[in-house]
Amino acid sequence: MLILSTSIFTSQAQSITNTLALEDVIKIAKKQSPDGLVAINKFKSSYWQYRTYKAGFMPMLSFNATMPNINRSISKIINSDGSQSFVETKSTDYSMKMSLTKTIGLTGGQIFINSGLERLDVFSTTKTTSFLSNPVTIGFSQPLFSYNSYRWLNKTQPMLYDEAKQQYLEDVELLSEKATNLFFDLLDAQIRARIAKINQANNDTLYKIAKGRYNLGKIAENELLQLELSLLNSNLQLEQTRNDVEVALFKLKSFLGIKNNEKIELEIPQQIMDLKIDIDKAVTEARSNRTDAITFERKLIEAKSNVNRARTENRFNANIYALYGLTQSADNYSAVYKSPLDQQQISLGLQVPILDWGLAKAKIKVAESNQELVNTQIAQQKIDFDQEIMVKALQFNMQYSQLLIAAKADTIGEKRFNVTKERYMIGKLGITDLNIAMTEKDQASKDYLSALRAFWNNYFEMRRLTLYDFIQDIKIDVDFEAMK
């Protein structure tokens, strides 16, 4: 096979060459390319959002203090006889409070434990000091019929985090697709440069032979001129392909984040023998692994949540608040915690809509209509999802057959050119037959490379669409704990 039997073209000015296979390029892309770093940072951002959600359900301990609050003002007071007068007041108060709160996701309520101490200094003709303590206060606040956002967050937030993990895997596989395209861009340019170099050498040899035969009167001048023109065109083609190699090399190195000046020589990927993708397996793995599969279920839950919100936020609601604690006051700190008194508080708040001109009903109908729309859209998207996987799997299996045909054609094209060249050199064939054989040989090489490129592009696309490695026969996964 021509493009496998001859080494890839390398410029003479090249001093250091790094030889890379397709898997090497993909590894570098995942490790250090800007796109790879973006994928990692996107996942980390989603991870910390998930951690933020989890932290919201953990007990929160806080400390608040006022040290001090100084007040000097004239205030209106009511005297013991019922009259009012303006009195200048001077005071300084200090307060400290420690609070422990916990959100209950199942009910949407909150429990709390507080402990606090206050000191008040009043300055008039004499200074008086008093203390107020709340050694411990326990209470809770619970909405009874309102929309519980925490309940729905407990369902959707873990799904969002799972989506982020699967999306990272898909981003990495998309990175493999981009790397594969740029790999074959450079490989194609290098092979065209190699072909141009071979053709230039062949045309130069043929022109020299023809020139000698022309001097002996064995060929016409027209044939000599045609060979000279072919030599000039091959020189131009060689220079153009060298430029194409430099452009493709720059794009690949930029994508990979390589900043040094070393040259890169690519190895032609080998064919994967007998690789066929089972369509049912591909669909099953896609449903199990893809981000879209999780997204479908999350959107259905969010639609239900919106209906629940519309139904609960526009009807009878109640909120209960209860508190029990100990408290004491004294003129000095040593007595403020002695023999504390208990305190209780219970309140029940009600909200009863009486007349809203159909506003609540309208909001519920809108939410229900949106839920039906989402259900219909998701049902269709699931059908399209399965259809896409089946079509791509069929295309991949067909592409494998085309690759085998292209490989055979490349081998035949090379053999035919060599036979034609030998027969031309002994005068058995004319220049037209030689040019046709050379053109067909070059086209067969290009077609094989194009088929090889399509094969690997389709393979990595199937990996991304299913998050499954069909060569190793395992699910694609990474150590997410190591990335946090």
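Need pairs with beta-carbon distance below 8 Å; first residue small (Gly, Ala, Ser) and within the range 142-157, second assigned to a loop (DSSP other than H, G, I, E, B) and buried (at least 17 other Cβ atoms within 10 Å of the Cβ); sequence gap 6+ or separate chains. Sorted first by the residue in the range 142-157, then by its partner, the pairs are 146/108; 149/108. Per this entry, residue 310 is counted among residues that are surrounded by 12 or more Cβ atoms within 10 Å (Cβ to Cβ), assigned to a helix (DSSP H, G or I), among the small types (Gly, Ala, Ser) and more than 30 Å from the chain's Cα centre (by Cα). Applying the set (1) exposed (fewer than 14 other Cβ atoms within 10 Å of the Cβ); (2) among the aliphatic types (A, V, I, L, M); (3) in a strand (DSSP E or B) to residue 354 leaves exactly one unmet item: (3). Please find, among 428, 365, the residue that is of a type outside the set (Val, Ile, Thr), in a loop (DSSP other than H, G, I, E, B) and free of Cβ contacts under 8 Å to residues at least 24 places away in the same chain. Just one listed residue meets the conditions, 428. Does residue 73 qualify as being more than 30 Å from residue 348 (Cα to Cα) and surrounded by 12 or more Cβ atoms within 10 Å (Cβ to Cβ)? No: the conditions fail for residue 73. When you check residue 422 against the structure, is it over 36 Å from the mean Cα position of the chain (by Cα), surrounded by fewer than 17 Cβ atoms within 10 Å (Cβ to Cβ) and over 30 Å from residue 470 (Cα atoms), yes or no? Yes. When every residue of the range 200-217 is checked against the conditions, none turns out to be among the hydrophobic types (A, V, I, L, M, F, W, C), surrounded by fewer than 19 Cβ atoms within 10 Å (Cβ to Cβ), assigned to a helix (DSSP H, G or I) and under 46 Å from the mean Cα position of the chain (by Cα). Filtering the range 383-408 to residues that are among the aromatic types (Phe, Trp, Tyr) and either under 28 Å from the mean Cα position of the chain (by Cα) or under 16 Å from residue 468 (Cα atoms) (or both) leaves 385, 396.
Condition check ((1) in the same structural domain as residue 276 (by TED's automatic domain parsing); (2) farther than 30 Å from residue 43 by Cβ; (3) not hydroxyl-bearing (Ser, Thr, Tyr)) across all residues:
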{"site": "398", "(1), (2), (3)": "yes, yes, yes"}
{"site": "401", "(1), (2), (3)": "yes, yes, no"}
{"site": "423", "(1), (2), (3)": "yes, yes, yes"}
{"site": "426", "(1), (2), (3)": "yes, yes, yes"}
{"site": "451", "(1), (2), (3)": "yes, yes, yes"}
{"site": "457", "(1), (2), (3)": "yes, no, yes"}
{"site": "479", "(1), (2), (3)": "yes, no, yes"}
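The sole residue among 379, 360, 409 that is of a type in the set (A, V, I, L, M), at pLDDT below 85 and farther than 25 Å from residue 463 by Cβ is 360.
The values are calculated or read from the model by the stated rules, or taken from the named source; none is laboratory data. As the structure is a computational prediction, the values presented were derived from the model and not from experiment. Backbone-built Cβ (ideal geometry, glycine too); neighbour counts: all protein chains shown.
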